[in-house]
Amino acid sequence: MARPSGRAARIEALRKLCASGAILHIAEAAQKLDTSEITIRRDLGDGENGILCLGGYIMSASEKGERYSLSHAQGTNTQAKTLVARQAVAMVAPEDTIFIDCGSTLQHLAANVPQNANITVVTQALNIAEIVSRLDGVKLVLLAGLYHPESGSFSSDTALKMLQEINITKGFFSAAGIHENEGVTCFHFHEVAVKRAAMARSQKRFLVSDASKWGKLRPATFAQLDEFELWIGKPDSD
């Protein structure tokens with residue numbers, strides 16, 4: 001790429017590099033534009049150009065600005081979410097104590113938890129709890145606290161203390177963004193503590209996400225990819 005001359009030209013070049021939701025490390029962007037990282041940071045400093053620098057990565061402001069709504073998410077990518085959830089529920093065995101994370105994908109797993117198999121479900125998510133409460137012979141542990149309607153989940157110090165007393169055989173975790181370098185991310189910082197605590201108590205950890213979440217970077221990182229035994233829903237490599 002020829003070196004763009006002037007701030008406006010550099011911003012336009014960055015906008016093209018970040019087209020279609022692409023995320024670019026600032027060092028790579030500097031190399032492609034034949035300029036310095038400091039110059040790029042200065043160019044994007046006011047955050048009003050449609051391009052942002054977040055955690056050392058360049059991305060479209062629409063990616064960062066996108067807001068999560070559980071009610072909206074429940075109606076998107078339903079077929080893909082159902083498929084990965086069915087793959088995940090195949091990991092559940094009789095006598096398991098499982099953690100089911102918040103979000104719209106794992107409600108499809110919750111609906112298919114084996115009944116009358118002495119399984120216990122632990123969750124901080126109201127939509128998951130409502131589904132599990134209707135299953136025969138499935139025990140429910142709800143990690144309650146302050147309710148966050150945007151994610152449909154609870155958070156509290158009490159929930160974290162409860163997790164310290166629960167032995168989870170398998171944890172199923174959702175994500176709003178999965179980035180090979182920056183890790184596994186979500187929209188809301190209040191989710192992080194419960195996710196981390198549940199991961200620490202899980203003997204096995206599964207990341208369950210449809211392909212649309214891969215390559216995305218959201219504000220709050222809660223894990224790295226190598227912390228999971230299996231990535232369910234990872235797109236096939238070319």
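Highest mean packing comes first when the peptides 191-203, 28-40 are listed by Cβ atoms within 10 Å, giving 191-203, 28-40. Among LEU52, GLN115, ALA90, flag the residue with its Cα farthest along the positive direction of the charge dipole of the chain, charges on Cβ as +1 for Lys/Arg and -1 for Asp/Glu. The Cα lying farthest towards the positive end belongs to LEU52. Surface composition of the chain: carbon plus sulfur atoms hold 49% of the accessible area, using a 1.4 angstrom probe and ignoring ligands, DNA and RNA. Other residues within the sphere of radius under 12 Å centred on the Cβ of GLU229, judged by their own Cβ, net out at +1 (K and R +1, D and E -1). A Cβ-based charge dipole, computed about the Cα centre of the range 134-228 with Lys and Arg at +1 and Asp and Glu at -1, lands at about 220 debye.
Using the 1.4 Å probe convention, the accessible area of the chain works out to 48 Å² per residue with neighbouring protein chains retained. Using a simple spin-label model with points 7 Å from Cα along the Cα→Cβ vector, what separation in nm is obtained for ARG196 and LYS139? In this crude label model, ARG196 to LYS139 measures out at 2.8 nm.
In the chain, the longest principal axis of the Cα atoms and the axis of helix 7-17 are about 40 degrees apart. With 29 Å as the limit, the listed pairs LYS170/LYS213; LYS170/LYS234; LYS32/LYS81 have LYS32/LYS81 beyond it between alpha carbons. Along the positive direction of the dipole of the chain (beta-carbon charges: Lys, Arg +1; Asp, Glu -1; about the Cα centre), which of SER104, GLN124, THR158 reaches farthest? Of the options given, the answer is SER104. Working ranking of peptides 97-109, 171-183 by packing, defined as the average number of other Cβ atoms within 10 Å per residue, highest first, is 97-109, 171-183. Note on the chain: antiparallel DSSP beta bridges, both residues inside, total approximately 45 percent of the bridges counted. For Rg and Dmax of the Cα atoms in Å, the value computed from the atomic coordinates appears in the list (1) 18.2, 57; (2) 17.1, 51; (3) 20.0, 68 under label (3).
The values are calculated or read from the model by the stated rules, or taken from the named source; none is laboratory data. Note that the structure is a prediction, hence the values are computed from the model and not measured. Note that we place each Cβ from the backbone using ideal geometry, even for glycine, and neighbour counts take in every protein chain shown. Heavy atoms of the whole protein, side chains included, go into the accessibility calculation; ligands, DNA and RNA do not. Shrake-Rupley method; radii C 1.70, N 1.55, O 1.52, S 1.80 Å.
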